Amino acid sequence: MTNKELTYCKILQGDCLQWLKDNPEEEIHLTFLDPPFNQGKEYRHFNDNLPQEQYWGWLGDIIKRINEITVPGGAIYFMQREKNTEEALRILRETGWEFQNLIIWRKKTSAIPCDIRFGKQYQIIVFATKGRKPRVFNKLRINPPLPPEYKHDRENGIYVTDVWDDIRELTSGYFAGDEAIRDDDGKRIHTQQSPIALLLRIILSSSIPGDCVFDPFSGSGTTLTAASQLNRKAVGIEVDPHNVELIRRRISQIRPADEVGRFRKEYIYTENLSEIWGEQNLEMAINYN
Ligand SMILES: C[S@@+](CC[C@H](N)C(=O)[O-])C[C@H]1O[C@@H](n2cnc3c(N)ncnc32)[C@H](O)[C@@H]1O
């Protein structure tokens, strides 16, 4: 190799808190944290029905350890249900993170009706950094369709704000399209699979090629799938061996629906796009434990 760096994608099966305790030397630049939401769902490998205090105590330990192995100015994006906003902000503050944005990820799907309050249509993603000043923040520009009252096309798009309403959730219905990974009977294999477009936006905003992106709750491996195409290093932990197998297959052969390239045109007005996109010319090693 010349001056090119070797990127890698590590997929580890196990408990993320244990891994975080055992790996004090790791250097993380960006974390996407999408934990189970403790909604009492049936899972094979963990209890999704913990007493609230225990759930937040456990997440707090994880988030604190992530902070310790994150480089100064490194970022975390913490996804949660909107009803947990208060707790999510508190836990980040108490574990040493500096708040940057409360991102509203407005789902394109219709809101679930509710009798006693407004229907809920968004999820929160808290963006925070280690220290007040982010080490990297790339100002992305997008060009969403013009509102009907606009008479003239924009010349060079608009900056992404803290309301993300242009990324469709992968629902269980037909909207999930080709991107949702399904078994032979057409059933979704991982119902919490995040959209590749969501991880693309997070990775482009808060990292540069060569950085290490961490996902302690990897699920179906969306973070690893996006990071590995953008020449970032990636470390993912997942407790369920079936999911680990799924991730292994997913990143060893990128499906057309998972290609980040199909979203590139949405960001063409971003000034430093080619620099932050990361050309796919670096060698990549894939490790499984
Ligand atoms: C909400 S899902 C993440 C979905 C992911 N963002 C994706 O795109 O597929 C949470 C995942 O965390 C995993 N998990 C739960 N407890 C864990 C633990 N202690 N350590 C590592 N993974 C865990 C679950 O098996 C589940 O796949």
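Going through Thr7, Thr31 one at a time, which residue ends up being surrounded by 19 or more Cβ atoms within 10 Å (Cβ to Cβ) and away from the ligand (no atom under 16 Å from the Cβ)?
Only one candidate qualifies: Thr7.
Taking the condition more than 14 Å from the ligand (Cβ to nearest atom), of a type outside the set (Asp, Glu) and either more than 23 Å from Ile208 (Cβ to Cβ) or modelled with pLDDT of 90 or more (or both), does Thr70 pass?
yes
Can you find a residue that is part of a loop (DSSP other than H, G, I, E, B), of a type outside the set (S, T, N, Q), in contact with a Gly (Cβ under 9 Å, 6 or more places away or on another chain) and crowded, with 20+ Cβ neighbours inside 10 Å anywhere in the range 143-154?
No, because not a single residue in the range 143-154 is part of a loop (DSSP other than H, G, I, E, B), of a type outside the set (S, T, N, Q), in contact with a Gly (Cβ under 9 Å, 6 or more places away or on another chain) and crowded, with 20+ Cβ neighbours inside 10 Å.
Yes or no, residue by residue, for (1) within 18 Å of Tyr269 (Cβ to Cβ); (2) assigned to a loop (DSSP other than H, G, I, E, B):
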{"site": "Lys139", "(1), (2)": "yes, yes"}
{"site": "Thr161", "(1), (2)": "yes, yes"}
{"site": "Thr171", "(1), (2)": "no, yes"}
{"site": "Glu179", "(1), (2)": "no, yes"}
{"site": "Asp185", "(1), (2)": "no, yes"}
{"site": "Val213", "(1), (2)": "no, no"}
{"site": "Gly219", "(1), (2)": "no, yes"}
{"site": "Thr225", "(1), (2)": "no, no"}
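Return only the number of the condition from (1) surrounded by 23 or more Cβ atoms within 10 Å (Cβ to Cβ); (2) closer than 14 Å to Leu33 by Cα; (3) in contact (Cβ under 8 Å) with a residue 60 or more places away in the chain that Thr222 does not satisfy.
Of the numbered conditions (1) surrounded by 23 or more Cβ atoms within 10 Å (Cβ to Cβ); (2) closer than 14 Å to Leu33 by Cα; (3) in contact (Cβ under 8 Å) with a residue 60 or more places away in the chain, the odd one out for Thr222 is (3).
I'd like to verify a number: residues in the range 182-197 that are touching a strand residue (DSSP E or B) at 6+ places or on another chain (Cβ under 7 Å) and either of a type in the set (A, V, I, L, M, F, W, C) or buried (at least 16 other Cβ atoms within 10 Å of the Cβ) (or both), how many?
Counting residues in the range 182-197 that are touching a strand residue (DSSP E or B) at 6+ places or on another chain (Cβ under 7 Å) and either of a type in the set (A, V, I, L, M, F, W, C) or buried (at least 16 other Cβ atoms within 10 Å of the Cβ) (or both) gives 2.
Considering every residue within the range 79-88, establish whether at least one is over 20 Å from Gln192 (Cβ atoms) and either away from the ligand (no atom under 13 Å from the Cβ) or surrounded by 15 or more Cβ atoms within 10 Å (Cβ to Cβ) (or both).
Looking for residues that are over 20 Å from Gln192 (Cβ atoms) and either away from the ligand (no atom under 13 Å from the Cβ) or surrounded by 15 or more Cβ atoms within 10 Å (Cβ to Cβ) (or both), one finds at least one in the range 79-88, hence yes.
Within the range 108-134, how many residues turn out to be modelled with pLDDT under 95 and charged (D, E, K, R)?
4
May I ask you to verify whether Asp240 is more than 15 Å from the ligand (Cβ to nearest atom), of a type outside the set (S, T, N, Q) and either under 23 Å from Ile69 (Cα atoms) or out of contact with any Asp or Glu (no Cβ under 6 Å at 6 or more places or on another chain) (or both)?
Here the answer is no, as Asp240 does not meet what is asked.
Return the total of residues in the range 84-104 being outside any helix (DSSP H, G or I) and farther than 22 Å from Lys133 by Cα.
Going through the range 84-104 one residue at a time, the tally reaches 0.
Restricting to the range 227-256, and then to whatever is in a helix (DSSP H, G or I) and among the basic types (Lys, Arg), can you tell me which residue is surrounded by the most Cβ atoms within 10 Å (Cβ to Cβ)?
Result: Arg250.
For (1) away from the ligand (no atom under 16 Å from the Cβ); (2) at pLDDT below 95, each residue gets a yes or a no:
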position	(1), (2)
Asp15	no, no
Leu20	no, no
Gln39	no, yes
Trp56	no, no
Leu59	no, no
Ile103	no, no
Arg106	yes, yes
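One line per residue, one yes/no per condition, for (1) more than 15 Å from Asp34 (Cβ to Cβ); (2) more than 14 Å from the ligand (Cβ to nearest atom); (3) more than 14 Å from the chain's Cα centre (by Cα); (4) not polar (S, T, N, Q):
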residue: Leu204; (1), (2), (3), (4): yes, yes, no, yes
residue: Pro216; (1), (2), (3), (4): no, no, no, yes
residue: Ala227; (1), (2), (3), (4): no, no, no, yes
residue: Arg249; (1), (2), (3), (4): yes, no, yes, yes
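I'd like to verify a number: residues in the range 251-265 that are away from the ligand (no atom under 13 Å from the Cβ) and in contact (Cβ under 8 Å) with a residue 12 or more places away in the chain, how many?
Within the range 251-265, residues that are away from the ligand (no atom under 13 Å from the Cβ) and in contact (Cβ under 8 Å) with a residue 12 or more places away in the chain number 10.
Residue by residue through the range 257-273, note down the ones that are aliphatic (A, V, I, L, M) and not in a helix (DSSP H, G or I).
Ile268
Can you name the number of the only condition in (1) without any contact (Cβ under 8 Å) to a residue 60 or more places away in the chain; (2) in contact with an Asp or Glu (Cβ under 9 Å, 6 or more places away or on another chain); (3) surrounded by fewer than 19 Cβ atoms within 10 Å (Cβ to Cβ) that Leu59 fails?
(3)
The values are calculated or read from the model by the stated rules, or taken from the named source; none is laboratory data. Here the structure is a predicted model, which is why all the values come from computation and not from measurement. Cβ: placed from backbone, ideal geometry, glycine included. Neighbour counts: every protein chain shown.
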